[in-house]
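Read through the structure below, which is laid out as structure tokens, and then see the notes.
The values are calculated or read from the model by the stated rules, or taken from the named source; none is laboratory data. Only a predicted model underlies this, so the values are computations on that prediction, with no experimental measurement involved. Note that each Cβ is placed from the backbone with ideal geometry, even for glycine, and that neighbours are counted across all protein chains shown. Accessible surface is based on the protein model in full, side chains and every heavy atom, while ligands, DNA and RNA are left aside. Shrake-Rupley method; radii C 1.70, N 1.55, O 1.52, S 1.80 Å.
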Amino acid sequence: MNTAQIAINGYGTIGKRIASAVELQPDMQVCGVAKTSPDYEANAARANGYPLYVASERSVEAFGEAGIDVAGTVEALIEACDVVVDATPSGVGKRYKARYDAADTPAIFQGGEAPEVAEQSFNARSNFEDCAGADSLRVVSCNTTGLTRFLSPLKEAYGIEKVRATLVRRGGDPSQSDRGPINDILPDPVSIPSHHGPDVQTVFPDLDIDTMGLKVPSTRMHVHTINVTLSEEPALRAITDQLSGESRLFVVPARLGTNGCGTLHEFAREMGRSRGDLYENCIWGESLALNGRDLYCYQAIHQESDVVPENIDAIRAITESASATESRALTDEALGIGILESVARMDRTETMLAD
Ligand code: NAD
């Protein structure tokens with residue numbers, strides 16, 4: 001098995017998680033990470049053993065003054081790698097695009113970039129095969145990843161007539177002390193529908209979907225309220241089984257007592273998840289309800305980590321080094337995806353035996 005050399009440009013919330021996830025895979029490794037400022041994340045990158053590259057010659061000096069060794073500028077990193085994963089802040093990725101193209105280096109962008117930045121928008125469960133061999137891909141945002149993952153199996157099994165979703169979004173990530181609201185509930189965007197529906201359509205062009213968004217004073221997760229009008233009318237049990245069979249959908253049983261995002265996070269930490277990450281959509285099992293062909297539920301999305309397995313699969317799609325099924329299985333195994341579901345199932349089996 002060839003070991004693909006992966007560059008991570010931007011070592012922040014998303015970039016650092018992708019770097020850790022790459023290191024856990026059998027077929028790829030991090031050849032370097034790039035940063036602009038010699039801050040705590042740059043120190044952490046060095047402490048984690050990654051060769052550190054900087055955005056410009058000017059930065060080399062600043063890093064030197066801060067006593068942080070650098071391996072070179074980002075240009076050298078782009079030249080040296082097989083694939084670059086761009087995890088720079090929203091809008092910065094498009095400024096790098098010409099440099100990736102000039103070096104003929106396949107690039108993976110994040111959801112903060114406009115869809116036009118890449119050849120195709122990507123979700124591993126929804127359109128891996130369509131993206132195989134592309135020169136550039138854009139892993140859709142955390143919210144769009146959560147929605148496309150949830151909708152894919154329903155679309156395949158029953159067909160979808162219409163989707164309506166409200167996205168209650170965290171105000172900022174834990175490190176973003178300058179974001180809010182501090183004490184408010186903001187319709188965001190206030191115009192309806194929100195941009196999230198069109199973003200889902202970059203993966204499913206023909207899907208009829210309307211979305212609305214709010215922002216709340218939390219750093220934990222996003223929560224979606226979803227209504228899907230299916231083309232058929234299956235039994236609720238069949239739907240629950242179908243969703244539970246998806247490795248990146250965790251249908252959370254009521255017995256776990258995870259009544260919100262705090263307890264979900266605590267469970268992830270207890271299960272030894274790095275950084276308390278929840279790669280899976282967390283769908284509250286009790287919320288799954290069916291009224292005719294209308295399916296309803298709540299799901300929680302960990303904005304800092306649900307796109308991480310998708311980036312790993314995007315690397316294999318772009319390098320055509322595995323099929324969709326093989327790649328998702330490799331990624332899941334390496335990241336321990338499925339462990340939360342299996343713990344929940346183990347409890348259920350024991351309860352049934354006790355009954
Ligand atoms: P971040 O601000 O946490 O990290 C960005 C990193 O890029 C920092 O390390 C910063 O030093 C570095 N950087 C800044 N300018 C740079 C430059 N010119 N060259 C190289 N490095 C530079 O951002 P993030 O939250 O990790 O977001 C990265 C991307 O992922 C964005 O497109 C964002 O929309 C998307 N995304 C974010 C989240 C989330 O919740 N944080 C979820 C999904 C997708």
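Pairs only if they're at least six apart or on different chains, beta carbon under 9 angstrom, first in the range 78-96 and touching a residue at least 24 places away in the same chain (Cβ under 8 Å) and more than 15 Å from Val308 (Cα to Cα), second within 8 Å of the ligand (Cβ to nearest atom) and in a helix (DSSP H, G or I); list them, first residue then second. Filtered contacts from the range 78-96: Ile78/Tyr96; Tyr96/Val74.
Residues that are at pLDDT below 95 and touching a Gly at 6+ places or on another chain (Cβ under 6 Å) within the range 164-188 comprise Arg179, Gly180, listed in sequence order.
So which of Gly257, Gly262 ends up being under 24 Å from Thr240 (Cβ atoms), open to solvent by 20 Å² or more (accessible area, probe 1.4 Å) and free of Cβ contacts under 8 Å to residues at least 60 places away in the same chain?
Details: Gly262 fails: under 24 Å from Thr240 (Cβ atoms).
Every option except Gly257 fails the conditions.
Say whether the condition of being over 22 Å from the mean Cα position of the chain (by Cα) and buried (at least 18 other Cβ atoms within 10 Å of the Cβ) is met by at least one residue in the range 237-251.
At the first step, the residues of the range 237-251 found to be over 22 Å from the mean Cα position of the chain (by Cα) are 237-241.
Now restrict to residues that are buried (at least 18 other Cβ atoms within 10 Å of the Cβ): 239.
Among the residues of the range 237-251, at least one is over 22 Å from the mean Cα position of the chain (by Cα) and buried (at least 18 other Cβ atoms within 10 Å of the Cβ), which makes the answer yes.
Specify the residue that is nearest to the ligand (Cβ to nearest atom); the eligible residues are those in the range 291-303 that are within 14 Å of Leu236 (Cα to Cα) and surrounded by fewer than 19 Cβ atoms within 10 Å (Cβ to Cβ). It comes out as Tyr296.
When the range 136-165 is filtered for residues that are surrounded by fewer than 18 Cβ atoms within 10 Å (Cβ to Cβ) and either touching a residue at least 40 places away in the same chain (Cβ under 8 Å) or within 17 Å of the chain's Cα centre (by Cα) (or both), the ones remaining, listed by number, are Pro153, Ala157, Gly159, Glu161, Lys162.
A quick yes/no check of all residues on (1) small (Gly, Ala, Ser); (2) away from the ligand (no atom under 14 Å from the Cβ); (3) within 20 Å of Gly32 (Cα to Cα); (4) out of contact with any helix residue (DSSP H, G or I) (no Cβ under 8 Å at 6 or more places or on another chain):
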site: Asp86; (1), (2), (3), (4): no, no, yes, no
site: Tyr100; (1), (2), (3), (4): no, no, yes, no
site: Asp104; (1), (2), (3), (4): no, yes, yes, yes
site: Phe109; (1), (2), (3), (4): no, no, yes, no
site: Pro115; (1), (2), (3), (4): no, no, no, no
site: Asn123; (1), (2), (3), (4): no, no, no, no
site: Gly133; (1), (2), (3), (4): yes, yes, no, no
